[in-house]
Amino acid sequence: MLHICVCAVEMFVTFLSKAENKKPSEAPPSTAPVPTISNRPAVPAREKRPLDPRQYRTWDSEDVYYWMSEEENGKWQDWASVLFLNQITGEMLDDLNGQDLVQLGIETLGARKKLLQMIKALQVFLQKKKKYFFFCE
């Protein structure tokens with residue numbers, strides 16, 4: 001009986017010493033994929049149709065993706081993917097601020113400012129169009 005207890009203690013001590021000597025880099029890799037720009041989910045194909053900037057508040061996340069990815073010949077496609085991955089809709093665009101964009105992973109100041117300018121352009125376009133609407137009886 002004593003021999004069994006000594007063996008169990010020795011096994012426990014061996015286990016502890018291995019656990020203490022294990023480096024953090026030896027931890028088992030996580031099986032869940034981390035969302036990044038390189039492994040982003042594919043944007044579903046949609047039929048080619050023009051996006052009406054007057055209706056941007058009704059856009060779903062796919063529409064926001066296509067709007068942004070088509071700006072400046074696709075220059076902003078990576079950031080469009082970030083917005084799509086985070087399910088940002090047209091209605092949410094008005095509420096985005098610099099801090100939100102940092103949380104979304106858009107870390108460069110230039111990219112954040114450009115995105116906010118693009119959103120502002122949509123808002124200005126909408127306001128200009130509203131000024132010229134009138135009703136005839």
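The values are calculated or read from the model by the stated rules, or taken from the named source; none is laboratory data. Remember, it's a predicted structure, so these values are computed and weren't measured experimentally. Methodologically, a virtual Cβ is constructed for each residue, glycine included, from the backbone with ideal geometry; neighbour enumeration extends over all protein chains shown.
Suppose we keep only residues that are within 18 Å of E72 (Cβ to Cβ) and out of contact with any Leu (no Cβ under 6 Å at 6 or more places or on another chain) within the range 116-125. Which one would you say is surrounded by the fewest Cβ atoms within 10 Å (Cβ to Cβ)? Here the residue is Q117. Of all residues in the range 75-91, those being in contact (Cβ under 8 Å) with a residue 12 or more places away in the chain and surrounded by fewer than 20 Cβ atoms within 10 Å (Cβ to Cβ) number 6. When S61, S17 are checked against the criterion of being surrounded by 10 or more Cβ atoms within 10 Å (Cβ to Cβ), more than 29 Å from M118 (Cβ to Cβ) and at pLDDT 55 or above, a single residue qualifies: S17. Residues considered: D78, D95. Of these, the only one that is on the phi < 0 side of the Ramachandran plot and not in a helix (DSSP H, G or I) is D95.
I106 meets all of the listed conditions (1) among the hydrophobic types (A, V, I, L, M, F, W, C); (2) in a helix (DSSP H, G or I); (3) more than 21 Å from P53 (Cβ to Cβ) but one, namely (2). Among residues of the range 114-130 that are closer than 12 Å to G98 by Cβ, those with a beta-carbon under 6 Å from a residue that is at pLDDT 90 or above and of a type in the set (A, V, I, L, M) at least six positions away or on a different chain give the pairs I119/L93. Only one of the numbered conditions (1) under 23 Å from R49 (Cβ atoms); (2) in a loop (DSSP other than H, G, I, E, B); (3) aliphatic (A, V, I, L, M) is violated by M118, and that is (2).
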